[in-house]
Amino acid sequence: MAMDIVFLHGLRVDAVIGIWDWERQFRQTLEIDLDLGTDSRAAARSDSIDDTLDYKAVTKRVMRLAEEGGFLLVERLAETIADTLFAEFGVLWVKIRINKKSAVRQVRDVGVQIERTRPA
């Protein structure tokens, strides 16, 4: 099976996320990177959007999840994104990196990265 990567890096989303009461009082900017494993051979042959992973639709769905989810942990958000991408977009593999830049004042970048393969 072919494994091609569609990537979306630097997606900025404002979300209420965090375990502390003060964090839940405002939206924090998350930066999300997505690497999505798919088979793009059909799209390469047809040159049609109908045969490929629609990254605009993926972007909108991930934004909606983050903005409306009310998650406590970025780990939970990352796992929810992975599950959604498998279920709704049929991707084969994902690598998701969520950067919560404002979490630790002394650190430029902080967050989580997960890698998952579509359940059989």
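A compact table of results
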read-out: Options ALA82, ALA78; residue that is of a type outside the set (D, E, K, R) and over 19 Å from VAL110 (Cα atoms); value: ALA82
read-out: Top-ranked residue in the stretch 80-120 [being of a type in the set (Val, Ile, Thr) and in a loop (DSSP other than H, G, I, E, B); ranked as surrounded by the most Cβ atoms within 10 Å (Cβ to Cβ)]; value: VAL91
read-out: Candidates LEU85, LEU72, LEU92, filtered to the one that is closer than 23 Å to TRP20 by Cα and in contact with a helix residue (DSSP H, G or I) (Cβ under 9 Å, 6 or more places away or on another chain); value: LEU72
read-out: Of all residues making up the stretch 55-79, the number that are open to solvent by 30 Å² or more (accessible area, probe 1.4 Å) and in contact (Cβ under 8 Å) with a residue 12 or more places away in the chain; value: 12
read-out: Residue satisfying condition, being surrounded by 14 or more Cβ atoms within 10 Å (Cβ to Cβ), over 19 Å from ASN99 (Cβ atoms) and among the β-branched types (Val, Ile, Thr), within set VAL16, VAL6; value: VAL6
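The values are calculated or read from the model by the stated rules, or taken from the named source; none is laboratory data. The model shown is predicted, which means the values in this text are computed figures rather than measured ones. Positions of Cβ are backbone-derived with ideal geometry, glycine not excepted, and every protein chain shown enters the neighbour counts. The area values use the complete protein model at the heavy-atom level, side chains included, leaving out ligands, DNA and RNA. Shrake-Rupley method; radii C 1.70, N 1.55, O 1.52, S 1.80 Å.
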